Amino acid sequence: MPERIIESFNVRYLSVLDEKGDADESLMPSLSDEDIKRIYELLILSRTFDHHALSLQREGRMGTYASILGQEASQIGSAYALEKSDWIFPSFREMGVYIAMGYPIDMLLQYWSGDERGMKTPDDLNIFSLSVPVGTQIPHAVGAAMAAKYKGDKIAVACYFGDGGTSKGDFHEGFNMAGVVKLPVVFICQNNQWAISVSRDKQTASKTLAQKAFAYGFEGVQVDGNDIFAVYKAAKEAVEKARSGGGPTFIECFTYRMSDHTTADDATRYRTKEDVETWAQKDPILRLRLFMERKGLWTEQYEKEVEENAKAVVDEAVKNEEAIERPDPKDMFRYTYETLMPRQIREMREL
Amino acid sequence: MPKLNMVQAINLALKEEMQRDSSVVILGEDVGKDGGVFRVTEGLWEEFGSERVIDTPLAESGIIGAAIGMAVYGLKPIAEIQFMGFIYPAIDQIFSHASRVRNRSRGRFTCPLVIRTPYGVGIKAPDLHSESTEALFCQMPGVKVVVPSSPYNAKGLLVSAIRDPDPVIFLESTRLYRLIKEDVPKDEYTIPLGEARVIQEGKDITVIAWGSMLHRVLQAVEEFDAEVIDMMTLSPFDEETIFKSVKKTGRAVIVHEAPKTCGFGAELSATIAEDAMLYLKAPIVRVTGYDVVMPLPKLEDYYMPTVERIKQDLEEVMKY
Ligand SMILES: Cc1ncc(C[n+]2csc(CCOP(=O)(O)OP(=O)(O)O)c2C)c(N)n1
Ligand SMILES: [Mg+2]
């Protein structure tokens, strides 16, 4: 009756593009020059949006906002692997995903300004309303994937959450179901090292988050979350696997939240400047720029055009958003149920 | 017409709706091959297969969360929570999501979901198998709460709940599951949500109840000229039927199994006081479970409003 190893796992780590802009050609995903430029433009656009959103908040023109600074590659890289027909279940720090999927930017500003109408996803997209309660969207993605599988739709479902989200019960319940039923879902965790002030090592004693997937019977992979090619490659493979019936994948994007948790937070209370400066060296946009410059895809002139265009797009969105009329107070009532309740009808008259 | 008990009537509603609409699916613990611990889903797995009658892992939040995702995607899931005492882990999903999907997306996404769960005292089971915390869900705008009291209305209400475009919590009294048999048509019929029914007309006193309590009420009122109302839907509830009756009788007694404090009787009582006070001849009285932790079976008969307790309160109210 020997004692023996009955199961063991290997956790892959993937990185393609280093901080100096050198890419490992053997690992390079297939992306045309046009794709790479498009990705770069989306990175700049989402950073520009983020920057504007923070200023608008400071000026009192927008409510509390969760910045994506530093996480752009994790978001754009994964979203770029998705089609509009795929379903996405985001958390609140996914503005890069929204922008990459073509969600109207004025609507994002409208939502963060406190207007539900900004979350009315346009009909050509399947991005579910972002989830504020941490981790609770994970079972939704699982359910949507079950429904897609039942209907025979060849789509993938992407579910986004943070490192903090992996401690929630819904992470366990959702992952467990996804594994049992072998669902077409891709779980994307942006491990940005922080859940407000709680550091990653206080969240779990696991060496990686990726390894948790193995307990549920599917693969988890850790990728350099500031490396757009690594994120895209892992996401593309996972999405194709999902679409072709291969089941779920968990991608841990190892990245860093460069900003405060939200505009209501002050990160200097719990982390050092040095830490942040170290991570600034790993900036996801900078390294893609260096790569592109070497390939002859980037010039000062191009940069100027891309930045000006991004600024124009965001300025236009801000203008549009500010021109939107206030919501009708009666709207509070109109979407509780399909039809108004008798009591609601009387209450509405008070407004 | 076949005489069915409530388990059979609910089973028939599920079966007929699944035959009619391929987007109706069932998920929950032991709902498949086993047919559910109360056998409510018996035979459905055999007829519709494991893709439509889904045995899930033991995970209440996951079941409701996944059902929400299914509903948003376009299915009409019916989730079973094995006992109401185990729905609490899923309250986050119900309150934070199911009830808010439509509002949050301004109607782009909806959540046509039914959550069926057995409730109340009835089967001499361990801790947390006898809960009746229906009022919790009545304070969640965006969900509806339905409590059938007979095989006939269980079928009609469940069909309406399944077809309803919004989330519905459907509470099934374990005590009633096999207590009564009545004629239940095989053919399609529905009972609209949000409407109460007057079970028996009377002049002196209005007695309001739902689900399991109704049967004790009917015994307790035998010597009174009482009008008995079965709420059937608690949220949204039928104020008109209550007002009409209370204005006629001038007396109101509300009977429920849940504890008194913040029970649904409090809402009904306040509603009557607000809008029909001037018609009242006597104080509104609530006959309810006590404000205690639900006891284990040895003491549960002391906890529940009995026919005797209800009668005593009716006599008190008639003194005015
Ligand atoms: C269930 C729940 N608990 C607490 C909060 C408050 N809160 C908002 S974000 C957050 C930290 C989330 O960390 P993580 O999952 O790593 O995501 P990140 O903010 O880093 O993107 C907390 C505690 C919440 N929104 N939901
Ligand atoms: Mg985090």
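Calculated mean residue ellipticity at 222 nm for chain B: -9500 deg cm²/dmol, from DSSP H runs with n ≥ 4 weighted as -39500 (n - 2.57), summed, divided by the residue count and rounded to 500. In terms of surrounding Cβ atoms within a 10 Å radius of their Cβ, A:S15, A:S91 rank from fewest to most as A:S15, A:S91. Estimated purely from DSSP H runs of n ≥ 4, each contributing -39500 (n - 2.57), the mean residue ellipticity at 222 nm for chain A is -13000 deg cm²/dmol once divided by its residues. In this structure the amide hydrogen of B:T233, modeled in the peptide plane, comes within under 5 Å of the amide hydrogens of B:V147, B:G194, B:E195, none closer than 5 places in sequence on its chain. Per residue of peptide A:335-345, the mean number of Cβ atoms on other chains within 10 Å of the residue Cβ is 6. Mean separation of Cα pairs under 8 Å and 6 or more residues apart, divided by the residue count, gives chain A a relative contact order of 24 percent. Per-residue mean of foreign Cβ neighbours for A:170-179 is 5 (Cβ atoms of other chains, 10 Å radius). Placing unit charges on the Cβ atoms only, positive for Lys and Arg and negative for Asp and Glu, gives region B:1-66 a dipole magnitude near 240 debye about its Cα centre.
Farthest towards the positive end of the charge dipole of the protein assembly as shown, among the residues A:I68, B:T249, B:T271, is the Cα of B:T249, using unit charges on the Cβ of Lys, Arg, Asp and Glu.
Under a model in which nothing but the beta-carbon of Lys, Arg (+1) and Asp, Glu (-1) is charged, region B:40-191 shows a dipole of about 560 debye around its Cα centre.
For region B:1-160, what does the alpha-carbon gyration tensor say about shape, rounded, prolate or oblate, given a ≥ b ≥ c as the root eigenvalues, a/c under 1.5 as rounded, and a/b over b/c as prolate? Working shown, then result.
Values: a/c = 1.43, a/b = 1.16, b/c = 1.23.
Rounded is the answer for region B:1-160, as its axis ratio a/c remains below 1.5.
One equal scatterer on each Cα of region A:105-225, no solvent, Debye formula: the resulting log10 I(q)/I(0) at q = 0.15, 0.16 Å⁻¹ is -0.77, -0.86.
Three semi-axes describe the equivalent ellipsoid of region B:96-227; taken as square roots of 5 times the Cα gyration tensor eigenvalues and ordered largest first, they are 28, 18, 16 Å. Here region B:124-158 and region A:56-72 have alpha carbon centers that stand 43 Å from each other. Other residues with beta-carbon under 11 Å from the beta-carbon of A:L14 carry, at +1 per Lys or Arg and -1 per Asp or Glu, a net charge of -3.
With N as its number of residues, region B:57-102 has a Cα radius of gyration that, divided by 2.2 N^0.38 Å, comes to 1.07. Using C-alpha pairs under 8 Å with a sequence gap of at least 6, the mean separation divided by the residue count of chain B gives a relative contact order of 16 percent. Only lysines eight or more places from A:K20 in sequence, or on another chain, were considered; those with a Cα closer than 30 Å are A:K37, A:K207, A:K233, A:K236, A:K273, A:K282, A:K295, A:K304, A:K311.
Please report, in cubic angstrom per residue, the volume enclosed by the convex hull of the alpha-carbon atoms of region A:1-62.
It comes to 223 Å³ per residue, whole-number rounded.
Ranking A:G247, B:A161, B:I10 by how far each Cα lies toward the positive end of the dipole of the protein assembly as shown (charges on Cβ) leaves B:I10 at the top.
Working value for region B:227-284: equivalent-ellipsoid semi-axes of 18, 13, 10 Å, each the square root of 5 times a Cα gyration tensor eigenvalue, largest first.
Working from Cα pairs under 8 Å separated by at least six residues, relative contact order for region A:40-183 is 24 percent. If both residues of a DSSP beta bridge must be in chain B, then about 20% of such bridges are antiparallel.
In debye, nearest 20: dipole of the protein assembly as shown around its Cα centre with unit charges on the Cβ of K, R (+) and D, E (-)?
Values: 78 positive and 102 negative charges, 162 e Å.
Charge dipole, the protein assembly as shown, about its Cα centre: 780 debye, nearest 20.
Beta-bridge orientation, chain A: approximately 10 percent antiparallel, per DSSP, counting only bridges with both partners inside. When both bridge partners sit in region B:197-318, DSSP labels roughly 20% of those beta bridges antiparallel. For region A:145-188, the normalised intensity computed at q = 0.16, 0.17, 0.22 Å⁻¹ comes to -0.44, -0.49, -0.75 (log10 of I(q)/I(0), Debye sum over alpha carbons, equal scatterers, no solvent). Here region A:4-350 is treated as a Stokes sphere of Kirkwood radius computed over C-alpha pairs; at 25 °C and 0.890 mPa s its diffusion coefficient rounds to 117 µm²/s. Ordered by the count of other Cβ atoms within 10 Å of each Cβ, fewest first, A:W279, A:W87, B:W210, A:W112 give A:W279, A:W112, A:W87, B:W210. State the percent of C-alpha pairs, over all pairs in region B:197-318, separated by a distance greater than 19 angstrom. Summing the P(r) of region B:197-318 above 19 Å gives 42 percent of all pairs. Both the radius of gyration and Dmax for the protein assembly as shown are 28.4, 96 Å, in that order, over alpha-carbon atoms.
Peptide B:97-107 shows a mean partner chain C-beta count of 6 within 10 Å per residue C-beta.
Ordered from longest to shortest, the equivalent ellipsoid semi-axes for region A:163-216 are 22, 10, 10 Å, each the square root of 5 times a Cα gyration tensor eigenvalue. In region A:39-129 the Cα-Cα distances spread across 5 Å bins starting at 0 as 2, 15, 27, 26, 19, 8, 2, 0 percent of all pairs. Compared with the dominant Cα axis of chain B, that is its longest principal axis, helix B:60-73 is turned about 70°.
Could you tell me what fraction of 2.2 N^0.38 Å the Cα radius of gyration of region A:289-351 comes to, as a two-decimal ratio?
Here the Cα radius of gyration is 2.25 times the empirical estimate.
Each principal axis of the Cα atoms in chain B has its own extent, and those three values, largest first, are 60, 42, 40 angstrom. Of the residues B:L128, A:L290, B:L314, the one with the fewest other Cβ atoms within 10 Å heads the list, and the complete ranking is B:L128, A:L290, B:L314. Post the alpha-carbon centroid distance, region A:146-193 to region A:245-268, in whole angstrom. Between the Cα centres of region A:146-193 and region A:245-268 lies a distance of 16 Å.
Every read-out reported here was derived from the displayed coordinates using simple, explicitly stated rules and does not represent laboratory data. The structure displayed is predicted, hence computed values, not measured ones. Please note: Cβ atoms are built from the backbone with ideal geometry, for glycine as well, and neighbour counts cover all protein chains shown.
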